[in-house]
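The values are calculated or read from the model by the stated rules, or taken from the named source; none is laboratory data. Keep in mind that this is a model prediction, so the values were computed, not measured. Here the Cβ positions follow ideal geometry from the backbone for every residue, glycine too, while neighbour counts run over all protein chains shown. Protein only, heavy atoms only, side chains kept; ligands, DNA and RNA dropped before computing areas. Shrake-Rupley method; radii C 1.70, N 1.55, O 1.52, S 1.80 Å.
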Amino acid sequence: PLSEAYNLFGAEKVTRQYIIAHTSSFKNFDSIGHVFTNLIGVDFYKEIEKLGGIFDDASGIWIPENLVKARPNWRKDIVKLYELRNQFVHEGIMHDLSGDEVVNNALLVADFIRASDQCLSDKLGVFD
């Protein structure tokens, strides 16, 4: 509505990130893909599959490597993680995860964010 637009553009500095965060839904894997595909004009998930890398916790360094090669099941794993999150947040269902599962999920999210950031920076320029 008009009042939302007024509040949005009444901010001191309206950035691209601010507009995206306040007008888009990120409630599941598909909605993320939809928002960013529309933003960059090509299939967002296909683009990030070309990019990314993995964090080697043994050496503590970032290894630039194709996301698909580093995590062949990354899409399925992200969807599963969203499902666990939604079950906890919306249904109060808790799952017992091993320490390894927690670490692997955290690294998966970090890899996904790094690949996403690289893709958006490449397609749109660095967000400032």
Exercise for the section: Filter region 64-84 for residues that are of a type in the set (K, R), over 13 Å from A115 (Cβ atoms) and loosely packed, with under 13 Cβ neighbours inside 10 Å and give the result. Expected result: K76
Practice task
Considering only region 10-26, state which residues are open to solvent by 100 Å² or more (accessible area, probe 1.4 Å) and at pLDDT 70 or above.
Solution key: K13, R16, H22
Problem - Failed item, numbered, when C119 is tested on (1) part of a helix (DSSP H, G or I); (2) open to solvent by 70 Å² or more (accessible area, probe 1.4 Å); (3) at pLDDT 80 or above - result: (2)
Fill in the blank from the handout: Per the filter on region 90-113, residues in contact (Cβ under 8 Å) with a residue 40 or more places away in the chain and either farther than 20 Å from N28 by Cβ or exposed (fewer than 10 other Cβ atoms within 10 Å of the Cβ) (or both) are V103, L107
Practice task
Taking N105 as the residue in question, decide whether it is at pLDDT 85 or above and under 16 Å from the mean Cα position of the chain (by Cα).
Solution key: yes
Practice task
Determine whether N66 is at pLDDT 80 or above and not charged (D, E, K, R).
Solution key: no
